[in-house]
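Enquirer: Sharing a structure, written as structure tokens. Questions coming.
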Amino acid sequence: MEHIKIRSLEADSEYVAAFELVGKLRQTSSKLDVEENSLLAKVSSGSAKPELTDRVAALLGESNRANQEAPDSLQSRLRVIADERRDLRHAKAIAEERLCKARYKASKAICDDVSPAYQSAVATLAAAFVTAHNAHAALLAITNELNALDVAWISYLSPMQATNIFGDNSVRIAAWLRVAASHKYIKSSDIPTELKS
């Protein structure tokens, strides 16, 4: 049997760009997590310096803070991280939706390419199942006749009925063939009459 080469999703540039963007956003999120955890540990340990906000400055009599640098404190950085996290969450949701769309678009192109080989493989398997069903029916005919004649055949012939594979009356193969026919991989007329109901 010939092996078919199936191209990967990475062959689609739109998918690759979307995949890389999602990865980059997840990395950014992980970095924020690490920084935020570190800052929260400092805050909870009490090692954080008090923050010189406008209100604190007013209490200290330093009401004119317009020309001073913004405070570089843990609390202010945590607020910035919260804003960044919110924006990042929205960006990730949009990027993941784009990745999903790109994946389905690329997958459709791949499936269109592989469809003839897939259909051929299903048809070949269906034909093999029908052949196997006929062979199993021939085996059952022999064992049924031996049973009807009360022959103690199991003592001399190893029982090889495949009802555990086929199901009683080949019900499993019949169901599989009906599904294959419903998807137009095989014709309904290819299914033996005894397997149609």
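The values are calculated or read from the model by the stated rules, or taken from the named source; none is laboratory data. Since we're looking at a predicted model, the values are computed, not measured. Don't worry about glycine lacking a Cβ; one is built from the backbone with ideal geometry, like all the others, and counts go over all protein chains shown. Just so you know, the surface numbers come from the protein's heavy atoms only, side chains and all, with ligands and any DNA or RNA stripped out. Shrake-Rupley method; radii C 1.70, N 1.55, O 1.52, S 1.80 Å.
Enquirer: Cβ-Cβ below 6 Å, separation at least six or inter-chain, first residue in region 123-152 and under 16 Å from Val171 (Cα atoms), second assigned to a helix (DSSP H, G or I) and open to solvent by 50 Å² or more (accessible area, probe 1.4 Å): which pairs?
Expert: Nothing qualifies.
Enquirer: Quickly run through region 108-161 and pick out the residues that are in contact with a helix residue (DSSP H, G or I) (Cβ under 7 Å, 6 or more places away or on another chain) and of a type in the set (D, E, K, R).
Expert: none
Enquirer: Still on this model: When you look at Lys42, is it over 30 Å from Arg26 (Cβ atoms) and at pLDDT below 85, yes or no?
Expert: So Lys42 does not fit the description; no.
Enquirer: Of everything in region 87-132, what is open to solvent by 40 Å² or more (accessible area, probe 1.4 Å) and of a type in the set (Val, Ile, Thr)? Give them in sequence order.
Expert: Matches in region 87-132: Ile94, Thr124, Thr131.
Enquirer: Let me ask something additional. Out of everything in region 152-184 that is among the polar types (S, T, N, Q) and within 14 Å of Glu194 (Cβ to Cβ), what residue ends up being least open to solvent (accessible area, probe 1.4 Å)?
Expert: That would be Ser170.
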